[in-house]
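Please treat every number below as a calculation from the coordinates, not as lab data. This structure is a prediction, so every number in the text was calculated from the model and none was measured. Using ideal geometry, Cβ is built from the backbone for each residue, glycine included, and neighbour counts are taken over all protein chains shown.
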Amino acid sequence: MISAVLFFIAAAGTLAGAIGVIVLKDPFYCVLALVGHLLSLAVLFIAALGSGLHAIGTDGAHYAAGFGTPEAIGSLLLTKFLIPFEVASYLLLIAAVGAVTLARRRGGLDDRGDGTPTISVMEFMRPRPFGSGTMAEGFGHADALSVQHSAQRQERET
Amino acid sequence: MTIAWYLAVSALIFAIGAGGVLVRRNPLVVLLCLELMLNAANLALIGFSRMWGNGDGQVFALIVMVVAACEVTVGLGVIVAMHRLRLPVDVDTMRELQG
C-alpha cells in the first residue's frame, strides 16, 4: 500500500521533470528539471523493488530475501556478468579519453596557418614543438625551455 | 499492483523524450532527452526484473546507465569542440560531416 502511494507521487514527479526538460527554454533549467526527474526516478525504482509487481492475472514472483540489495547486484556483476562488467569499464575509459581528445584546446599549436582549425587524426602524429604538452609548459616554463633548446641547437650548428 | 502502471509511466517518459529529441534544437537539450529515453528503458527493466524476481534486469539497467554516461561524455565533448570552432550550437544547422 505504501509502495503504491510512493509510486504515484514519484511517477508524478518523474513525468513533471520529463515535461520540464522539453518545455523550458533555458538549458540550465532543463538540466535542473532533469535532476528532479532523476531523483523521482530513484524513488520510483525503490517503489518497484518494494512492491510485489505482477502481470495482470498472475500472482507475480515472491520477494526473495536480499533481492535488489547492493550485495546481490555486486555478486551478479562479478560472477554471471563479469565480461559485460569489464567491457563496460573499457567503454568508460575509451569514452573519457575520447571526450578529452575532442574537447582538447587546439588553438595556437596546431593551426594550419590559414586560420581554419581542423579536427584530424593526423594532428596526433605531428611532432609537437619542444616543451609543449609537458608539465613544464603547465608551469609556464615552456618558453624558457624552447629558448634554451634553440640556443643549444645554434651552438651545435656553429 | 500490476506492472502495467510502471510500463505506462515508462512509455510516457519515452514518448516525452522522443518528442524532445524531435522538437528541440539545442544539442544539450537533445542529449538530455536521450537520457530521458534511456531512463524510461531502465524503469521498464527494473519493473520486469521485480516481476520475475530475477536480478539480471537490474544488472542490465546498470550497464545501460554506463552506456548513457559514455554517450553524454562524448556528446558534451563534441558540443565543446563545436563551441571552440565557433559553429552555431544548433542541430538544424549541422547538415554536413566535414566540420
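Look at B:VAL9 and say whether it is facing chain A (nearest Cβ under 9 Å), assigned to a helix (DSSP H, G or I) and in contact with a Ser or Thr (Cβ under 9 Å, 6 or more places away or on another chain).
On the way: facing chain A (nearest Cβ under 9 Å): yes; assigned to a helix (DSSP H, G or I): yes; in contact with a Ser or Thr (Cβ under 9 Å, 6 or more places away or on another chain): yes.
So B:VAL9 fits the description; yes.
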Return only the number of the condition from (1) facing chain A (nearest Cβ under 9 Å); (2) within 23 Å of A:LEU32 (Cα to Cα) that B:VAL64 does not satisfy. (1)
Scan region A:21-45 for residues that are within 10 Å of another protein chain (Cβ to nearest Cβ) and either among the β-branched types (Val, Ile, Thr) or touching a Phe, Trp or Tyr at 6+ places or on another chain (Cβ under 8 Å) (or both) and jot them down. A:VAL21, A:ILE22, A:VAL23, A:VAL31, A:LEU44
Across region B:67-99, what is the number of residues that are part of a helix (DSSP H, G or I) and surrounded by 13 or more Cβ atoms within 10 Å (Cβ to Cβ)? 17
Checking B:LEU85, B:LEU36, B:LEU28 in turn, the sole residue that is more than 13 Å from the chain's Cα centre (by Cα) and facing chain A (nearest Cβ under 7 Å) turns out to be B:LEU85
